[in-house]
Amino acid sequence: MMLWASIPSPGTNVIEIGPLTIHFYGILIGIGVVVAAVVAQRRYERFGGDPKILDSVILWTVVIGFAGARLAYISTHTARYAGRWYATLFIWEGGLALFGGLTAGAIAALYTIRKHGGSFPMFTDAVAVGLPLAQAIGRFGNYFNQELFGTPTTLPWGLEIDPAHRPTAYPDAATFHPTFLYEALWNFLITVPVILWLERRGKLARGAAFPVYMMVYGLIRFLTELLRTDTTFRVLGISRNGYVSLGAMIAGAILFRIAQKRGARQSLLEATAGDE
């Protein structure tokens, strides 16, 4: 006996309070940022670092990261803003390229953490858990915007999409793969638990947690990219982000091997300050 026949889409993506319009997408992104920042600070301190220096580091990492994510998305969806350039500022409509944000944010983090005398490997270990949690929370903003879903499906957890949001290739399909949900659940149930499990058993050297995130998250992102219908570029059936995901997994494997060779094993319970 099925518990449901499909997942309904929300009737609205905003909350209206008088003249004020609040978008669920923005709310969930904001919650995700706060969660990531709190988790990163606590982990950085437990690894032996000074959490006070992270206030400035996190601020600039988030600001530059969001700018990079937005610019990366706009650069691949220019047609969406033809004749309405001002809409490039409407982040609440959706449109953030994760890999662009990660790249820009990493550069900002590297500069600011070293400027304040902190440890970059320790910082990457600290954000390796908060980041996938933030992504999982933020993905539900895509649910409210009815975006980032996959191909049509008749599975019980198929996502109902309004006709106005359906891809032109599938105008008559009613339910689609909720790829945003697949990614969110993977981060909640796989990415974060795997990193914490390895840490608690002293399996990871300093700087190795983030490469684990790159490999584990890269896998689910590659798989969901095969299902998504909103990509604008594909080669051999693989989207641009699909190739980036493969690159992230390969780079993660290389960085993981380097970190494991160069650093001594550490755990949250027995962490010490300084780089190994």
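The values are calculated or read from the model by the stated rules, or taken from the named source; none is laboratory data. This one's a predicted model, so the numbers in the text were calculated from it and none came from an experiment. Cβ atoms come from the backbone with ideal geometry, glycine included; neighbour counts cover every protein chain shown. Protein only, heavy atoms only, side chains kept; ligands, DNA and RNA dropped before computing areas. Shrake-Rupley method; radii C 1.70, N 1.55, O 1.52, S 1.80 Å.
Checking the structure you have, find out if any residue of region 129-141 is farther than 20 Å from residue 28 by Cβ and open to solvent by 50 Å² or more (accessible area, probe 1.4 Å).
Going residue by residue through region 129-141, those that are farther than 20 Å from residue 28 by Cβ are none.
No, region 129-141 contains no residue that is farther than 20 Å from residue 28 by Cβ and open to solvent by 50 Å² or more (accessible area, probe 1.4 Å).
For region 25-41, which positions are small (Gly, Ala, Ser) and either more than 17 Å from residue 180 (Cβ to Cβ) or in contact with a strand residue (DSSP E or B) (Cβ under 8 Å, 6 or more places away or on another chain) (or both)?
Start the filter on region 25-41 by keeping residues that are small (Gly, Ala, Ser), which leaves 26, 30, 32, 36-37, 40.
30, 36, 37, 40 - these are the residues of region 25-41 that are small (Gly, Ala, Ser) and either more than 17 Å from residue 180 (Cβ to Cβ) or in contact with a strand residue (DSSP E or B) (Cβ under 8 Å, 6 or more places away or on another chain) (or both).
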For residue 118: the one exception among (1) touching a residue at least 12 places away in the same chain (Cβ under 8 Å); (2) under 23 Å from residue 214 (Cβ atoms); (3) not in a loop (DSSP other than H, G, I, E, B): (3)
For region 216-231, indicate whether the set of residues that are part of a helix (DSSP H, G or I), of a type in the set (D, E, K, R) and crowded, with 19+ Cβ neighbours inside 10 Å is non-empty. yes
Take the residues in region 10-28 that are among the β-branched types (Val, Ile, Thr) and open to solvent by 40 Å² or more (accessible area, probe 1.4 Å); name whichever of them is modelled with the highest pLDDT. 27
Say we look at region 213-240 and pick out the residues that are modelled with pLDDT of 85 or more and among the small types (Gly, Ala, Ser); which of these is farthest from residue 255 (Cα to Cα)? 239
Would you call residue 174 open to solvent by 50 Å² or more (accessible area, probe 1.4 Å), over 19 Å from residue 47 (Cβ atoms), touching a strand residue (DSSP E or B) at 6+ places or on another chain (Cβ under 8 Å) and in contact (Cβ under 8 Å) with a residue 24 or more places away in the chain? yes
Looking at region 241-251 only, could you name the residues that are at pLDDT 90 or above, open to solvent by less than 60 Å² (accessible area, probe 1.4 Å) and either farther than 30 Å from residue 119 by Cβ or basic (Lys, Arg) (or both)? 242
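Among the listed residues 185, 148, 196, which satisfies the condition of being closer than 15 Å to residue 29 by Cβ, under 20 Å from the mean Cα position of the chain (by Cα) and of a type outside the set (S, T, N, Q)?
On the way: 185 fails: closer than 15 Å to residue 29 by Cβ; 196 fails: closer than 15 Å to residue 29 by Cβ.
Among 185, 148, 196, only 148 is closer than 15 Å to residue 29 by Cβ, under 20 Å from the mean Cα position of the chain (by Cα) and of a type outside the set (S, T, N, Q).
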Output yes when any residue across region 1-9 is assigned to a strand (DSSP E or B), modelled with pLDDT of 85 or more and touching a Pro at 6+ places or on another chain (Cβ under 7 Å), and no when none is. yes
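Residues 255, 189, 204: which one is surrounded by fewer than 16 Cβ atoms within 10 Å (Cβ to Cβ) and either among the hydrophobic types (A, V, I, L, M, F, W, C) or free of Cβ contacts under 8 Å to residues at least 60 places away in the same chain (or both)? Break it down into steps so the answer makes sense when it comes.
Details: 255 fails: surrounded by fewer than 16 Cβ atoms within 10 Å (Cβ to Cβ); 204 fails: surrounded by fewer than 16 Cβ atoms within 10 Å (Cβ to Cβ).
Exactly one of 255, 189, 204 is surrounded by fewer than 16 Cβ atoms within 10 Å (Cβ to Cβ) and either among the hydrophobic types (A, V, I, L, M, F, W, C) or free of Cβ contacts under 8 Å to residues at least 60 places away in the same chain (or both), namely 189.
Collect the residues in region 32-41 that are open to solvent by 30 Å² or more (accessible area, probe 1.4 Å) and either in contact (Cβ under 8 Å) with a residue 40 or more places away in the chain or in contact with a helix residue (DSSP H, G or I) (Cβ under 6 Å, 6 or more places away or on another chain) (or both), keeping them in residue-number order. Before the answer, list the steps.
First pass over region 32-41, keeping only residues open to solvent by 30 Å² or more (accessible area, probe 1.4 Å): 33-35, 38-39, 41.
Within region 32-41, 33, 35, 38, 39, 41 qualify.
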